[in-house]
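J.: One structure is given below, represented as structure tokens, and several questions about it will come after.
The values are calculated or read from the model by the stated rules, or taken from the named source; none is laboratory data. The structure presented is a predicted model; accordingly, all values stated were derived computationally and were not measured. FYI the Cβ positions are ideal-geometry reconstructions off the backbone, even for glycines, and counts take in every protein chain you see.
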Amino acid sequence: MTQLEYARRGRVTPEMARVAIRENTTPEVIRDHVASGRVVIPANIRHLAGAGGAAPSAAWQARYEQLVEQLTNRPRGGSADNGKPGWLADLRVDLPYPLDRAGHPTFTGRSALWVNQTVPQRQALLADTDYVPGEATPKRLDPMAIGRPLSTKINANIGASPVSSSTDEEVEKLRWAQQFGADTLMDLSTGGKLDECRQAILDNSTIPIGTVPIYSMIIGRSIEELDYDTILRVCEHQAQQGVDYFTIHAGVLKEHLPLIRKRITGLVSRGGSLLAKWMLTHNRQNPMYELFDEISAIMRQYDVTYSLGDGVRPGCLADASDPAQLAELHVLGELVQRAREAGVQVMVEGPGHVPLNEIAWNMETQRRVCDDAPFYVLGPLVTDVFPGYDHITSAVGATEAARAGAAMLCYVTPKEHVGLPKAEDVKAGCIAYKIAAHAGDIARGIPGAQEWDDDLSRARAALNWPKHFELAFDGETARALHDEDLDVDTDFCAMCGHDWCSMRISKEIVEWASGKAEGFTPAKVAAKSPGLTQEQIRYLAHRGKKLDCHSDNAADDQAARKAQEKYIQLNVQAPE
Ligand code: SF4
């Protein structure tokens with residue numbers, strides 16, 4: 001049974017209870033949102049168990065049903081205790097997830113939002129070997145939920161390409177993504193050892209993993225050779241591995257293709273363009289649309305969530321909100337209902353390039369057409385002329401999207417449009433999108449979201465540098481930048497200097513009492529900075545390694561071409 005089916009029957013699952021702790025609400029609120037389809041919990045049963053691509057043990061399955069029974073029928077009316085809400089304080093169930101609520105370092109009962117944890121808090125949790133170990137894997141899924149009624153989530157895309165990266169590098173990128181705030185991660189590998197890489201990511205991930213199965217379907221064959229059996233076989237294989245959500249481009253139909261002709265950038269979705277080629281070659285309807293019910297049956301069996309792909313998404317501002325995009329959106333609205341009828345959870349993917357003034361309209365239209373299914377948008381970029389900085393151009397659009405109702409923001413890194421992201425780019429993309437998501441939560445009035453900002457502002461006004469860096473999302477970087485100029489903690493910083501420090505001057509006007517609520521008074525003598533870690537030193541020094549064929553490493557054109565051949569010939573293995 002899927003989370004959707006449990007919710008419709010009024011049952012509370014361990015995942016709903018865990019999500020309630022993370023979102024600072026009750027399991028019944030989460031259950032009712034899941035039942036309505038406004039919220040999804042992407043949680044493949046194999047990833048939940050950490051079964052390493054196998055079926056969970058009989059003991060795990062029996063225990064699961066027992067937990068559902070206990071949670072659904074637990075006594076009501078608990079009393080708040082130890083800062084915990086009543087339902088949690090009185091919980092007499094051995095939940096297989098951390099029970100303590102979490103939030104930013106000084107969170108209160110009102111602001112216990114898991115998404116607001118800082119990088120060091122996340123690092124500590126990931127380093128804890130007792131934190132969600134799987135039946136057969138180092139880690140298993142710690143469930144989260146996506147939907148407008150909850151805090152905004154962010155997704156990070158990683159994946160090896162035929163010319164760059166390896167399984168170890170991708171697992172390392174997963175670690176970076178998790179510690180810098182990714183709530184879900186998509187493995188978009190199109191090269192290397194695809195199966196091995198996907199399983200390694202799943203086995204080490206505590207966040208839901210999504211894939212685009214069509215990428216694996218064309219390994220070892222051309223798109224024209226793709227047949228129905230392969231589509232179903234690859235979907236089943238990835239579901240068995242434990243993938244939590246699939247991007248399926250079932251909304252792009254044959255009759256939409258003439259609408260693409262007027263566009264500047266045509267089809268920019270890889271899945272959309274591949275399927276368009278298949279449809280034109282065979283003069284047949286989109287096979288993902290034709291097989292939708294069969295794919296749903298496979299996904300239901302493992303509780304894989306749909307992320308209905310926008311194969312016709314606009315690839316530039318000029319193509320945004322055009323008839324092709326809207327024609328596909330209406331098909332996606334139909335597929336949302338079909339997925340729900342099949343008992344499968346479903347969210348909908350949204351556009352990647354949209355002028356700022358059209359973003360809210362796009363969010364509202366999707367909500368209406370897709371019956372409030374969670375909207376998962378890529379950016380969107382609000383201008384096309386800043387390649388190299390597209391984590392910024394897209395974070396501007398993502399902030400507006402979050403404010404206007406997007407449930408999850410798919411990050412864009414500085415490498416968008418120009419190359420495959422490295423770990424540093426994953427960090428830059430995640431942080432840009434944490435900013436967008438948090439700004440959206442504040443603008444939407446998510447209860448308690450702004451407490452984090454207010455706590456940091458008090459520390460800043462008090463010139464309390466240690467507290468300032470403790471509360472900063474990425475205090476490591478903030479500390480490194482502070483110490484680059486002035487490695488003492490004193491009552492000013494290098495930006496304005498002593499005489500011009502308005503924070504210091506405000507503190508001296510005692511009746512204003514800036515920052516005094518915190519009771520911190522900086523020492524008259526400046527405190528020595530704790531010093532930089534190796535990571536902070538590296539951050540200040542340089543970033544990234546260049547490929548062997550880069551002109552910095554290759555002596556001449558001939559040497560560069562020789563190095564390039566090595567990447568082109570990388571062995572790409574077909575799925576078993
Ligand atoms: S010197 Fe300027 S930037 Fe630095 S703490 Fe004072 S007011 Fe803020």
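J.: For the range 508-517, does any single residue satisfy the condition of being of a type in the set (K, R), surrounded by 13 or more Cβ atoms within 10 Å (Cβ to Cβ) and modelled with pLDDT of 80 or more?
T.: no
J.: Could you tell me how many of the residues in the range 101-144 are closer than 19 Å to I30 by Cβ and polar (S, T, N, Q)?
T.: Of the residues in that region, 2 qualify.
J.: Within the range 32-53, is there a residue that is of a type in the set (K, R) and over 18 Å from G86 (Cβ atoms)?
T.: There is at least one residue in the range 32-53 that is of a type in the set (K, R) and over 18 Å from G86 (Cβ atoms).
J.: Quick check on the range 156-168: of everything there that is in a strand (DSSP E or B) and touching a helix residue (DSSP H, G or I) at 6+ places or on another chain (Cβ under 8 Å), which residue is farthest from G210 (Cα to Cα)? Spell out the reasoning first.
T.: From the range 156-168, those in a strand (DSSP E or B) are 156-158, 161, 164; that's our starting set.
Then keep just the ones that are touching a helix residue (DSSP H, G or I) at 6+ places or on another chain (Cβ under 8 Å); that gives 156, 158, 164.
Details: A156: 10, I158: 10, S164: 20 Å.
Looking at the filtered set, the residue picked out is S164.
J.: State yes or no: is A342 more than 13 Å from the chain's Cα centre (by Cα), at pLDDT 95 or above and surrounded by 24 or more Cβ atoms within 10 Å (Cβ to Cβ)?
T.: When the stated conditions are applied, A342 does not pass them.
J.: Then there's this: In the set Q564, Q534, Q558, which member is at pLDDT 80 or above, under 33 Å from the mean Cα position of the chain (by Cα), surrounded by fewer than 17 Cβ atoms within 10 Å (Cβ to Cβ) and more than 16 Å from the ligand (Cβ to nearest atom)?
T.: Values: Q564 fails: at pLDDT 80 or above; Q558 fails: under 33 Å from the mean Cα position of the chain (by Cα).
When all the criteria are applied, what remains is Q534.
J.: Any idea which of (1) acidic (D, E); (2) surrounded by 21 or more Cβ atoms within 10 Å (Cβ to Cβ); (3) within 13 Å of the ligand (Cβ to nearest atom) is the one D441 doesn't satisfy?
T.: (3)
J.: Scan the range 22-41 and give yes if some residue there is touching a residue at least 60 places away in the same chain (Cβ under 8 Å), under 16 Å from Q345 (Cβ atoms) and surrounded by fewer than 19 Cβ atoms within 10 Å (Cβ to Cβ), otherwise no.
T.: Yes, some residue in the range 22-41 is touching a residue at least 60 places away in the same chain (Cβ under 8 Å), under 16 Å from Q345 (Cβ atoms) and surrounded by fewer than 19 Cβ atoms within 10 Å (Cβ to Cβ).
J.: Filter the helices (runs of 4 or more DSSP H) completely within the range 422-485 down to those with at least 2 residues that are not assigned by TED's automatic domain parsing to the domain that holds Y411.
T.: The qualifying helices (runs of 4 or more DSSP H) are 451-461, 465-471, 475-485.
J.: Between V336, V348, V331, V344, which is part of a loop (DSSP other than H, G, I, E, B), in contact (Cβ under 8 Å) with a residue 40 or more places away in the chain and of a type in the set (A, V, I, L, M, F, W, C)?
T.: Going through V336, V348, V331, V344 in turn, just one is part of a loop (DSSP other than H, G, I, E, B), in contact (Cβ under 8 Å) with a residue 40 or more places away in the chain and of a type in the set (A, V, I, L, M, F, W, C): V344.
J.: Then there's this: Quick one: which residue in D441, D454 is farther than 14 Å from A156 by Cα and free of Cβ contacts under 8 Å to residues at least 40 places away in the same chain?
T.: Being farther than 14 Å from A156 by Cα and free of Cβ contacts under 8 Å to residues at least 40 places away in the same chain holds for just one of D441, D454, which is D454.
Results for (1) β-branched (V, I, T); (2) over 37 Å from the mean Cα position of the chain (by Cα); (3) closer than 18 Å to L540 by Cα, shown as yes or no for each residue.
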position: H468; (1), (2), (3): no, no, no
position: E476; (1), (2), (3): no, no, yes
position: T490; (1), (2), (3): yes, yes, no
position: G497; (1), (2), (3): no, yes, no
position: R504; (1), (2), (3): no, yes, no
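J.: Another one. When the range 260-288 is examined, which residues are found to be of a type outside the set (A, V, I, L, M, F, W, C) and under 26 Å from the mean Cα position of the chain (by Cα)? Please lay out each step first, then the result.
T.: Initial filter on the range 260-288 (of a type outside the set (A, V, I, L, M, F, W, C)): 261-263, 265-266, 269-273, 277, 281-287.
S269, R270, G271, G272, S273 - these are the residues of the range 260-288 that are of a type outside the set (A, V, I, L, M, F, W, C) and under 26 Å from the mean Cα position of the chain (by Cα).
J.: Pull up the range 465-496, narrow it to residues that are over 21 Å from I435 (Cβ atoms) and charged (D, E, K, R), then point me to the one that is nearest to the ligand (Cβ to nearest atom).
T.: D491
J.: Before we move on, is K427 out of contact with any His (no Cβ under 6 Å at 6 or more places or on another chain) and within 16 Å of the ligand (Cβ to nearest atom)? Before the answer, list the steps.
T.: On the way: out of contact with any His (no Cβ under 6 Å at 6 or more places or on another chain): yes; within 16 Å of the ligand (Cβ to nearest atom): no.
Considered against the rule, which asks whether it is out of contact with any His (no Cβ under 6 Å at 6 or more places or on another chain) and within 16 Å of the ligand (Cβ to nearest atom), K427 comes out as no.
J.: Name the single residue that is surrounded by the most Cβ atoms within 10 Å (Cβ to Cβ) among those in the range 153-174 being charged (D, E, K, R) and modelled with pLDDT under 95.
T.: K173
J.: Filter the range 497-506 for residues that are within 8 Å of the ligand (Cβ to nearest atom) and at pLDDT 85 or above; which is nearest to N464 (Cα to Cα)?
T.: M503
J.: Continuing with the same structure: Within the range 194-202, identify whether any single residue is assigned by TED's automatic domain parsing to the domain that holds K277, crowded, with 24+ Cβ neighbours inside 10 Å and within 16 Å of the chain's Cα centre (by Cα), and answer yes or no. Working first, answer last.
T.: Taking the range 194-202 first, the residues assigned by TED's automatic domain parsing to the domain that holds K277 are none.
Checking the range 194-202: not a single residue is assigned by TED's automatic domain parsing to the domain that holds K277, crowded, with 24+ Cβ neighbours inside 10 Å and within 16 Å of the chain's Cα centre (by Cα).
J.: Among the residues of the range 88-146, which ones are assigned to a loop (DSSP other than H, G, I, E, B), of a type in the set (A, V, I, L, M, F, W, C) and surrounded by 18 or more Cβ atoms within 10 Å (Cβ to Cβ)?
T.: L91, A102, F107, A112, L113, V132, L141, M144, A145
J.: Pairs under 9 Å by beta carbon, first residue on the phi > 0 side of the Ramachandran plot in the range 460-477, partner among the β-branched types (V, I, T) and more than 9 Å from the ligand (Cβ to nearest atom), six or more apart or different chains?
T.: From residues that are on the phi > 0 side of the Ramachandran plot, the pairs are L463/T490.
J.: To continue, here is another question. State yes or no: is D229 surrounded by fewer than 23 Cβ atoms within 10 Å (Cβ to Cβ), in a helix (DSSP H, G or I), not aromatic (F, W, Y) and not assigned by TED's automatic domain parsing to the domain that holds L280? So that I can check it myself, show each step before the final result.
T.: On the way: surrounded by fewer than 23 Cβ atoms within 10 Å (Cβ to Cβ): yes; in a helix (DSSP H, G or I): yes; not aromatic (F, W, Y): yes; not assigned by TED's automatic domain parsing to the domain that holds L280: no.
For D229, the condition - surrounded by fewer than 23 Cβ atoms within 10 Å (Cβ to Cβ), in a helix (DSSP H, G or I), not aromatic (F, W, Y) and not assigned by TED's automatic domain parsing to the domain that holds L280 - is not met.
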